[in-house]
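The values are calculated or read from the model by the stated rules, or taken from the named source; none is laboratory data. Keep in mind that this is a model prediction, so the values were computed, not measured. Reconstructed Cβ throughout: ideal geometry from the backbone, glycine too, with neighbour counts over all protein chains shown.
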């Protein structure tokens with residue numbers, strides 16, 4: 001078990017390293033940097049600009065800067081943010097926490113709804129309820145995420161039932177502990193719902209097909225022939241076997257959810273890493289961009305790693321192979 | 001199949017946007033910002049039916065009636081950017097305006113901008129998909145045919161690309177691009193980047209096809225009369241991939257169109273003066289637009305049937321391919 | 001254990017000589033690190049003469065097809081020599097081998113899979129010429145039509161696809177293609193197994209005619225000993241990757257030397273006698 005774990009961790013670490021080099025090099029390709037627009041301002045002398053650049057080490061060649069940055073990472077220092085005039089790490093930490101809150105909630109809702117829906121569709125395959133469900137999922141899948149999120153925003157604006165942005169209201173500071181939690185929940189509802197709806201249809205489809213495949217296996221027929229109740233057959237026999245493809249699905253869904261969360265955060269103004277990344281790109285705040293990209297890669301790799309470990313724990317065949 | 005016909009019709013509309021749109025995409029009317037969609041009447045206030053529809057301009061003091069004319073001469077445009085023309089399908093006399101989908105903050109006709117926007121977005125999607133698929137053929141073909149460590153290396157590389165969240169990757173690469181270069185250069189760079197990121201999945205599929213084609217007896221037989229690898233690939237193996245390629249293209253194009261729209265929407269894609277669905281939708285991020293001007297949402301709604309048609313066409317093509325392939 | 005070949009008594013030099021040919025596969029057991037070797041065939045000696053047919057007989061899995069593929073230069077053996085008129089073929093480089101491919105051609109068991117289904121008959125037959133860059137388009141077409149006649153196909157059907165022909169006709173198509181480059185040696189891998197009795201005898205007759213007119217050497221792989229007795233000049237019997245007996249066909253059937261041959265002949269004869277009883 002530990003050998004498998006160490007191998008996967010090493011693989012993940014190498015992957016992340018490759019991503020960091022790739023991203024860093026890519027970012028250096030752009031002509032100009034954060035301070036370039038300042039040069040256009042006649043009131044700021046060229047020397048001041050140069051001084052600023054030197055202060056942040058922007059005048060050194062990029063492999064040097066990369067090495068510097070990498071060393072800093074091991075100390076928890078992700079470089080400076082030019083726009084915020086503060087280190088990147090604490091900035092990112094806050095935003096990351098918010099994104100995790102959002103994606104975690106959305107993922108929970110999505111899976112909690114998708115699993116029973118998928119199972120029921122599989123069991124009632126071909127019947128009216130399954131087909132109706134199929135039509136709805138197809139419809140939802142066709143709607144581009146962008147349009148979906150804009151539609152939800154429209155709903156929020158027109159109905160006034162939900163806040164149209166932000167994580168907390170202006171009166172947050174004065175609320176009690178419970179009040180604060182409620183406030184955040186109130187703001188979280190719509191973005192999480194949007195994200196869940198975006199990822200739900202694909203999940204339902206995959207769960208349904210995984211369950212259908214499992215339910216056709218001979219051992220299920222044997223269990224039924226033994227008189228075991230359908231309920232038990234589903235839960236104790238079918239579901240554990242379907243767990244393998246479902247866990248892989250979980251790994252994949254992390255990736256799609258991360259991409260979708262970026263869009264949701266921007267459109268519904270949730271203060272996560274999405275809007276931060278966008279700002280940083282437009283401002284050429286390179287270390288923030290780098291940190292964000294690395295962070296999202298870390299989430300992704302971690303998600304897949306967790307999925308792999310779960311798979312290892314659940315499926316004895318994989319244990320045997322390694 | 002109906003879907004394919006519809007898709008072709010859409011493409012036709014967009015290709016000849018200049019003809020179908022009453023106005024150019026940049027034409028502004030500062031006096032009519034955020035005008036609601038113009039109602040087209042067939043019956044007048046006295047209850048008479050007119051074969052030729054007309055619009056009523058109620059803004060001005062006289063409530064002038066403008067009949068809708070067909071095949072009018074209007075803003076010059078170029079078909080496919082090359083052939084100059086001036087005829088538009090319909091229009092009204094100045095200073096009347098026919099805004100089928102309303103107008104935006106600058107008084108620009110949303111309908112015209114929708115059609116023209118389609119040109120940029122669809123073109124971007126098409127070129128990017130072609131690029132991805134081309135790289136996919138190259139990489140997948142080599143990996144599948146030669147196998148061994150080449151295969152391992154290439155597929156691991158593909159894994160790397162698939163493992164990253166594509167939107168973030170797109171952003172990172174976009175961040176690398178200078179923000180102030182000509183719009184055409186942005187377009188080309190954007191398209192190249194999207195194409196370069198998405199090669200992994202087509203490559204993997206093509207590799208599978210090549211692997212199985214390689215084993216087929218007629219390939220072995222051809223080797224038996226001294227055929228070189230290049231010949232085998234060209235004449236026997238690659239033709240087997242055409243089916244997969246076609247279906248991949250039909251799936252990739254809408255994805256890339258969406259990618260371009262999303263990027264432009266966020267301000268990272270093409271910008272003025274090139275029209276795009278992204279720029280049309282960008283105004284929706286503003287509160288007052290969403291709350292007061294409902295017609296601005298129409299382009300978003302119209303995208304839904306478009307994508308529906310795309311996916312249906314992809315399914316239809318798959319069916320056709322399955323029945324044709326022996 | 002090497003078996004003395006009784007073929008070369010007072011005859012000319014063999015056209016194709018195989019000495020000590022072996023092929024081994026190394027495989028990894030699934031889910032484990034240990035490797036094990038599989039011998040497809042080992043230490044095989046063969047001799048093919050112009051105008052004579054050597055039948056390679058054995059049960060399924062005896063290694064006949066693997067051997068045939070190596071002799072046809074489609075696979076690499078792990079040891080041994082293949083000589084065509086004294087030239088060591090396995091020592092030749094890729095480029096030098098190209099014309100050699102034209103000298104030794106293989107016809108497969110299933111003609112349908114061996115031909116590209118989207119090509120026409122004429123294209124398929126002419127393809128070897130295209131690959132080797134011979135002749136102009138018109139010349140190739142001429143040759144393809146000529147070959148079609150030779151194998152008994154109507155030249156007017158040159159534009160038809162393989163699936164438009166019957167099973168027997170497809171096999172003729174494959175033979176025509178095999179002849180395109182004017183080979184000296186033809187190798188048949190179970191080409192009669194998929195055909196009915198009528199087609200079998202028709203194809204055999206065609207092959208005999210071709211052999212006579214072009215002085216070809218045949219290596220004919222088959223598992224059907226009875227059928228082999230009808231056309232073979234020489235027989236080599238293979239069992240578990242090794243040649244157990246190899247000699248003139250008549251002598252083999254009359255006085256088999258190896259126990260395996262005897263057993264095999266006995267089975268065939270008993271089947272014959274059962275059939276004979278039934279029909280009586």
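A few points about this structure:
- Residue count for region A:129-164 satisfying the condition of being outside any helix (DSSP H, G or I), buried (at least 16 other Cβ atoms within 10 Å of the Cβ) and more than 9 Å from chain B (Cβ to nearest Cβ): 2.
- Subset tally (residues that are in a helix (DSSP H, G or I) and under 20 Å from residue A:264 (Cα atoms)) for region B:255-297: 27
- Residue C:125 vs. criteria touching a strand residue (DSSP E or B) at 6+ places or on another chain (Cβ under 7 Å), in contact (Cβ under 8 Å) with a residue 40 or more places away in the chain and either more than 9 Å from every other protein chain (Cβ to nearest Cβ) or not in a helix (DSSP H, G or I) (or both): no
- Selection count, region C:144-158, where residues are buried (at least 21 other Cβ atoms within 10 Å of the Cβ) and either farther than 17 Å from residue C:103 by Cα or at pLDDT below 90 (or both): 4
- Here region C:153-173 is the region considered, the condition is being out of contact with any helix residue (DSSP H, G or I) (no Cβ under 6 Å at 6 or more places or on another chain) and outside any helix (DSSP H, G or I), and the residue that is farthest from the other protein chains (Cβ to nearest Cβ) is C:154.
- Single residue of A:258, A:282 found to be assigned to a helix (DSSP H, G or I), out of contact with any helix residue (DSSP H, G or I) (no Cβ under 8 Å at 6 or more places or on another chain) and facing chain B (nearest Cβ under 9 Å): A:282
- Single unsatisfied condition, residue B:218 versus (1) part of a helix (DSSP H, G or I); (2) more than 22 Å from residue B:150 (Cβ to Cβ); (3) more than 13 Å from chain C (Cβ to nearest Cβ): (3)
- Check on residue C:140, assigned to a helix (DSSP H, G or I), away from chain B (no Cβ under 14 Å) and buried (at least 20 other Cβ atoms within 10 Å of the Cβ): no
- Some residue of region A:39-47 being within 14 Å of chain B (Cβ to nearest Cβ) and either in a helix (DSSP H, G or I) or at pLDDT 80 or above (or both): yes
- Top-ranked residue in region B:270-283 [being surrounded by 24 or more Cβ atoms within 10 Å (Cβ to Cβ) and within 12 Å of chain A (Cβ to nearest Cβ); ranked as farthest from residue C:119 (Cα to Cα)]: B:280
- Matching option when the condition is assigned to a loop (DSSP other than H, G, I, E, B), touching a helix residue (DSSP H, G or I) at 6+ places or on another chain (Cβ under 7 Å) and either under 21 Å from residue A:259 (Cβ atoms) or modelled with pLDDT under 75 (or both), among A:114, A:30: A:30
- Candidate set from region C:98-122 (those that are more than 20 Å from residue C:165 (Cβ to Cβ) and more than 7 Å from chain B (Cβ to nearest Cβ)); member that is surrounded by the most Cβ atoms within 10 Å (Cβ to Cβ): C:104
- A single member of C:86, C:93 is surrounded by fewer than 18 Cβ atoms within 10 Å (Cβ to Cβ) and within 14 Å of chain B (Cβ to nearest Cβ), and it is C:93.
- Region A:184-241: number of residues that are farther than 26 Å from residue A:310 by Cβ and out of contact with any helix residue (DSSP H, G or I) (no Cβ under 7 Å at 6 or more places or on another chain): 15
- Residue identified as surrounded by fewer than 20 Cβ atoms within 10 Å (Cβ to Cβ), more than 17 Å from the chain's Cα centre (by Cα), away from chain C (no Cβ under 14 Å) and more than 30 Å from residue A:162 (Cβ to Cβ) among B:238, B:205, B:246, B:189: B:205
- Residues of region B:298-326 satisfying the condition of being without any contact (Cβ under 8 Å) to a residue 12 or more places away in the chain and not in a helix (DSSP H, G or I): B:326
- Screening A:275, A:245 for residues that are more than 12 Å from chain B (Cβ to nearest Cβ), assigned to a helix (DSSP H, G or I) and surrounded by fewer than 22 Cβ atoms within 10 Å (Cβ to Cβ) leaves exactly one candidate, A:245.
- Test: residue B:230 is within 14 Å of chain C (Cβ to nearest Cβ), surrounded by 18 or more Cβ atoms within 10 Å (Cβ to Cβ) and part of a helix (DSSP H, G or I): no
- Selection within region C:176-213: residues that are within 14 Å of another protein chain (Cβ to nearest Cβ) and part of a helix (DSSP H, G or I). The member of this set that is farthest from residue C:231 (Cα to Cα) is C:177.
- If you go through region A:247-283 and pick out every residue that is in contact (Cβ under 8 Å) with a residue 60 or more places away in the chain and either more than 21 Å from residue A:92 (Cα to Cα) or in contact with a strand residue (DSSP E or B) (Cβ under 8 Å, 6 or more places away or on another chain) (or both), you end up with 5.
- Filter pass, residue B:169 being surrounded by fewer than 20 Cβ atoms within 10 Å (Cβ to Cβ), assigned to a helix (DSSP H, G or I) and either at pLDDT below 80 or more than 14 Å from chain C (Cβ to nearest Cβ) (or both): no
- Subset of region B:1-24 (residues that are out of contact with any strand residue (DSSP E or B) (no Cβ under 8 Å at 6 or more places or on another chain) and modelled with pLDDT under 75): B:1
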